[in-house]
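Values in this text are rule-based calculations from the coordinates and carry no lab data. Computed from a predicted model, the values in this text were never measured in an experiment. Neighbour counts run over all protein chains shown; Cβ positions are idealised from the backbone, glycine included.
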């Protein structure tokens, strides 16, 4: 059988295919996605679930004139293949290759960059308003999942769009839960009826006729009330109807012809429209269909078994965090855990198995998660909010206003801090030290390894105020774990190695980078000490000042942007105390968004390596 995909180089090519050919193309797309992601890693289940939808969208709409905005964007692999990136798809998420999310600089078909959820309807609404403002004519389509619809921002956008009444299409890709009762043939009949232009014309003509009759207004009002009563009983999308949207569905999202038909009908409707599709995550690949959560974001795997190909190693920081929290919570009934729809990613799925009554998943609603935690803390509980560094950005005001201003004892466990790698700009957790450090009342710590993480978590639970511990993605260093887990003094650093020429102040796993650099420097006659600062706020002022007075050079190392980060804190402290006898060099990430790529490649590019520290110190000291 000849390949259909070989003939498709742009969405225009789809419009010449037969039904049989486009169905074959769907399978070829799935095969290419599975084969590629098995090598590169990526978001597999979500992309497999929208193959038919992607084909239908690009077949029905005139893209890129018509605008498609993918919510979160991790489901855009088929979209990328169909829009000119077929030949570069093997570079997915690789350094210098194509992004795993929509990227405007990659293609004119990627009209809006997404990586965090619940933003698509707002962006689409903005585009629709710009279109109307400029007097232009094109369709705007937001594709949002049922999970993303739990985010408050999506409801804000729905509310405003319904109020404005502008032409806007929202495709609800429901792949997990049913928003309403699926009533089968009746629902499909209602969808067909209500998308028929003749229905709307007849409705308008009937209204005009009724208003001319004696008491016609009363009969019309009665008919409307009767219609609303029936809708509440049989139409599953009534909430959207009440918000001002025309609701179509639910429809089998893998029935290509049905999806094309309903999408075609939306182009003739006036006002905002919701198209509700029911799809299956992982569609077409049995391991992903059976365990879509495990195949949401995967590393490399064997296609025939679905099992990961990576070698065993130390436990991940996430696993150590979860195991430690479970252990510490055993004798502390006030400890509760909160996630924003990331139980597996944060390790709280393990906590939930041990303490289901103390576990809360608020959905993709980070703002809500933080303020719920604040409410709990105000009543004597000890909430642990486990959240990715890059996602806590979405709840910044809540951290300031609801937690820190009230000095509430909320623990922020910031997973995926620092460079996370292949997910790229939207997921690199490189701003948290800078955005947390200026906030009054909060303590910020970062462990050098997985063992120190355990002690910092105990410290956080003992602390009577806001506190954050940030730790990286992936496997730990591989150090032994202490049997006893104890608190450490707030704001106290540890001298890992003494030195007389230079001092390396480091936080996080880069303490080990500093130690290795110190060993290299000793071979060329430079004595460089290493301090594990542990706390970014408060800093160990006494130790830092004493060390600064003894050496010629201080080098700070952090996996965070330099602006406002850990190194900036060291400079501010030295300036505050009039310490001017020492030079300070900061090593960290520059003022830019960090592209996707393997973490080791990115660290080398930005100087977060042993070699870079050695060269920096030897150059500055003239050796």
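In Å and whole numbers, how far do the C-alpha atoms of the stretch 381-441 stretch along each principal axis, longest first?
37, 23, 15
Using only the Cα atoms of the stretch 317-470, build the gyration tensor, take square roots of its eigenvalues as a ≥ b ≥ c, and label the shape rounded, prolate or oblate: rounded if a/c is under 1.5, else prolate if a/b is larger than b/c, else oblate.
Note, shape of the stretch 317-470 comes out rounded.
For the stretch 330-382, how big is the tail of P(r) above 16 Å, as a whole percent of Cα pairs?
That fraction is 39 percent.
Sticking with the crude label model, points 7 Å out along Cα→Cβ, report the distance from residue 619 to residue 396 in nm, one decimal please.
Inter-label distance under the simple model: 3.2 nm.
Per the Debye formula with a single identical scatterer at each Cα and no solvent contribution, what log10 I(q)/I(0) holds for the stretch 46-184 at q = 0.10, 0.12, 0.21 Å⁻¹?
-0.33, -0.48, -1.35
In percent, how large is the relative contact order of the stretch 317-470, given Cα pairs closer than 8 Å and 6 or more residues apart?
23
Could you work out the equivalent-ellipsoid semi-axes for the stretch 105-154, taking the square root of 5 times each eigenvalue of the Cα gyration tensor, largest first, in whole Å? Don't jump to the answer; show the numbers that get you there.
On the way: eigenvalues 89, 42, 14 Å².
One finds semi-axes of 21, 14, 8 Å for the stretch 105-154.
Mind computing the radius of gyration and Dmax over the alpha-carbon atoms of the stretch 494-620? Å is fine for both.
Gyration radius and largest Cα-Cα distance of the stretch 494-620: 13.8, 41 Å.
Obtain the radius of gyration and the Kirkwood radius of the stretch 537-589 from its C-alpha atoms and give Rg over Rh.
With Rh from the inverse mean 1/r over Cα pairs, Rg/Rh is 0.94.
Between residue 10 and residue 136, 0.36 nm times their residue separation minus their Cα-Cα distance comes to what?
Here the segment from residue 10 to residue 136 would lengthen by 43.0 nm.
Decide, for the stretch 580-623, between rounded, prolate and oblate: order the square roots of the alpha carbon gyration tensor eigenvalues as a ≥ b ≥ c, take rounded if a/c falls under 1.5, and otherwise choose prolate if a/b is larger than b/c, else oblate.
Oblate.
Give the label of the value calculated from the structure for Rg and Dmax of the Cα atoms in Å, choosing from [x] 33.8, 125; [y] 27.8, 104; [z] 27.8, 96.
[y]
Arrange 295, 155 by Cβ neighbour counts within 10 Å, fewest through most, would you?
155, 295
For the stretch 484-538, just say rounded, prolate or oblate: build the C-alpha gyration tensor, square-root its eigenvalues into a ≥ b ≥ c, call rounded for a/c under 1.5, and beyond that prolate if a/b exceeds b/c, oblate if not.
Note, shape of the stretch 484-538 comes out prolate.
If you take the beta carbon distance between residue 600 and residue 164 as r and set R0 to 56 Å, what does 1/(1 + (r/R0)^6) give as a FRET efficiency, to the nearest 0.05?
0.70
Along the principal axes of its C-alpha atoms, what lengths does the stretch 283-337 span, in descending order and rounded to whole Å?
Result for the stretch 283-337: principal-axis Cα extents of 45, 26, 13 Å.
Run the numbers on the stretch 494-620 and let me know its relative contact order in percent, using alpha-carbon pairs under 8 Å that are six or more apart. The partial results should precede the final answer.
Working: 212 pairs, mean separation 35.5, N = 127.
Computed value for the stretch 494-620: 28 percent relative contact order.
Under the definition of Cα pairs under 8 Å and six or more residues apart, what whole-number percent is the relative contact order of the chain?
The normalised contact order for the chain reaches 11 percent.
Once you place label points 7 Å from the Cα toward the Cβ at residue 332 and residue 129, how far apart are they in nm?
4.5
Return an integer: the convex hull volume of the alpha-carbon atoms of the stretch 13-115, in Å³ per residue.
Per residue, the Cα convex hull of the stretch 13-115 comes to 90 Å³.
Calculate, for residue 353 and residue 310, the FRET efficiency according to 1/(1 + (r/R0)^6) with r their C-beta to C-beta distance and R0 25 Å; round to the nearest 0.05.
Working: r = 24 Å, r/R0 = 0.97.
According to the calculation, E is roughly 0.55.
How far is it, in nm, from the label point at residue 580 to the one at residue 519 when both lie 7 Å from their Cα along the line to the Cβ?
Distance between the two pseudo-spin positions: 4.0 nm.
Nearest 10 degrees, 0 to 90: what angle lies between the long axis of helix 185-195 and the longest principal axis of the chain (Cα atoms)?
80
If you take the C-alpha gyration tensor of the stretch 387-499, multiply each eigenvalue by 5 and take the square root, what semi-axes do you get, largest first, in whole Å?
Listed largest to smallest, the semi-axes of the stretch 387-499 are 23, 20, 12 Å.
Find how much the distance from residue 19 to residue 495 grows on full extension, using 0.36 nm per residue of separation minus their present alpha carbon separation; answer in nm with one decimal.
164.4 nm
Can you compute the FRET efficiency between residue 484 and residue 552 using 1/(1 + (r/R0)^6), with r the Cβ-Cβ distance and R0 = 45 Å? Round to the nearest 0.05.
0.70
If packing is taken as the mean number of other Cβ atoms within 10 Å per residue, what is the order of 570-578, 412-420, highest first?
On the way: 570-578: 14.1, 412-420: 26.9.
Going by the mean number of other Cβ atoms within 10 Å, highest first, we get 412-420, 570-578.
Between the helical axis of 366-378 and the dominant principal axis of the chain, each derived from Cα atoms, what acute angle in degrees is found, rounded to the nearest 10?
Orientation of helix 366-378: about 60 degrees from the principal axis.
Can you give me the Cα centroid spacing of the stretch 234-285 and the stretch 567-623 in angstrom?
52
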